[in-house]
Amino acid sequence: MSDQKLEAIAELLSKASNIAIMPHLNVDGDALGASLALALALNSHHCQVDVLIEEEVPATLDFLPGLDLIKNTPKDRYHVAVNIDNGDINRLGERLGIYQNAEIRLSLDHHATNKVEADISYVNTDASATGEIIFRLLTEYMGLPITKDIALCLYTAIITDTGGFRFSNTTPETMEIAGALMRTGIDFTYANMKVFDRISYAKLFLMKQTMNSLKLLFDGKLAVSYLRWGDLASFNAKLEDTEGLVNIGRNLEGVEVSLFLKEEKPGNFKGSLRSNDHVDVSKVAERFGGGGHKRAAGFSAEGDLEDIVRSLADVIKVSLKGEG
């Protein structure tokens, strides 16, 4: 079945003279993989494309093709700006002005809590990753080939947001797309190793600190763990070194919800929420100005750590009772 929004987005991208592609801050595998895949396809379509990010490419993603399309100096104005894998306009950071100043603004995402305004906003919450959406856009609506480089980017996007096809958002269509990408000859075992297995020394120590901080509440159904500003500073850790630490709590037997807090600046925390079977953590995150998916969400909070944990625990306790 044809999707009119994707058709319209495909037409606008095909006619664009230059394009800025912008994933969310603290870019992850889905955001960067989807962005680079789209950029590689459009660049081969003889369109000038810039991928704009505000941080270094994480070491776990430094193998992705198309990194040369990332630009540090953006143009004054773009014909089309594309928001990728981002449901909160503020997560464009300093690039927000570039997005708002573009002649045409497009948005492609799969988060149920998406609130980004655009000339055309396409949100498919059934897609396991934005990488799935880009695959459909390129193959079904733009007729562009999935090269080996594009396939590696999209495969990385999908394995990131499905936890290597282990999360409940994995669908038969997800596996079909992954199979099509693998048939291009990509080194998928290397991608899996880089995304999930290889860690820095700093991350090893942060894992230990996270485990030491962990406590269980509500008969073991809620796991709470955290890293303080001093922990991150003492190990000279990068933001990527904290990726996945929330899963230490979620993986414990009997835990339904895992809450992980990292103090990015004194008094400023970034929170991650994960659930296993019942609780919709996106609703919890929304109560604190964040958002995400049913089983994975995030938010930001300021104040005292104990006060923040207490407030969140009160909300999560109600969700645990209702299992939703």
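Please treat every number below as a calculation from the coordinates, not as lab data. Everything quoted here is computed from the prediction, not taken from an experiment. Don't worry about glycine lacking a Cβ; one is built from the backbone with ideal geometry, like all the others, and counts go over all protein chains shown.
On full extension, the segment bounded by K5 and W229 gains 76.3 nm, given 0.36 nm per residue less the C-alpha separation.
The aspartates and glutamates whose alpha-carbon is closer than 13 Å to the alpha-carbon of K215, local same-chain residues fewer than 8 away aside, are E306. Loop-located trypsin sites (Lys or Arg not before Pro) across the stretch 132-166 with a Cβ neighbour count of 14 or fewer within 10 Å are R166, with loop assigned by DSSP. Which loop-located GluC sites (Glu not before Pro) does the stretch 217-322 contain, where loop means any DSSP state but H, G, I, E or B and the Cβ has at most 15 other Cβ atoms within 10 Å? Passing both the DSSP loop test and the Cβ count: E253. Segment K238..N251, full-extension length gain: 2.3 nm, with 0.36 nm per residue of separation and the alpha-carbon distance subtracted.
Full extension of the segment from K75 to I120, taken as 0.36 nm per residue of separation minus the current Cα-Cα distance, would add 14.0 nm. FRET efficiency for the F167 to D62 pair, using the beta carbon distance and R₀ = 25 Å, is estimated at 0.55.
Measuring against 22 Å, Cα to Cα, the residue pairs K115/K262; K294/K317; K5/K115; K75/K238; K203/K317; K115/K203 contain K115/K262; K75/K238; K203/K317; K115/K203 as the ones spanning a longer distance.
Cross-link partners of K321 among aspartates and glutamates, defined as those whose alpha carbon lies under 20 angstrom from its own and excluding same-chain residues fewer than eight positions apart: D219, E253, E256, D277, D280, E286.
Relative to the longest principal axis of the chain, what angle (0 to 90°, nearest 10) does the C-alpha long axis of helix 29-44 take? Approximately 10 degrees, to the nearest 10.
Here the sum of -39500 (n - 2.57) over DSSP H runs of 4 or more residues, divided by the residues of the chain, equals -11000 deg cm²/dmol at 222 nm, to the nearest 500. The calculated FRET efficiency for the pair T189 and N276, based on their C-beta separation and a Förster distance of 41 Å, comes to about 0.90.
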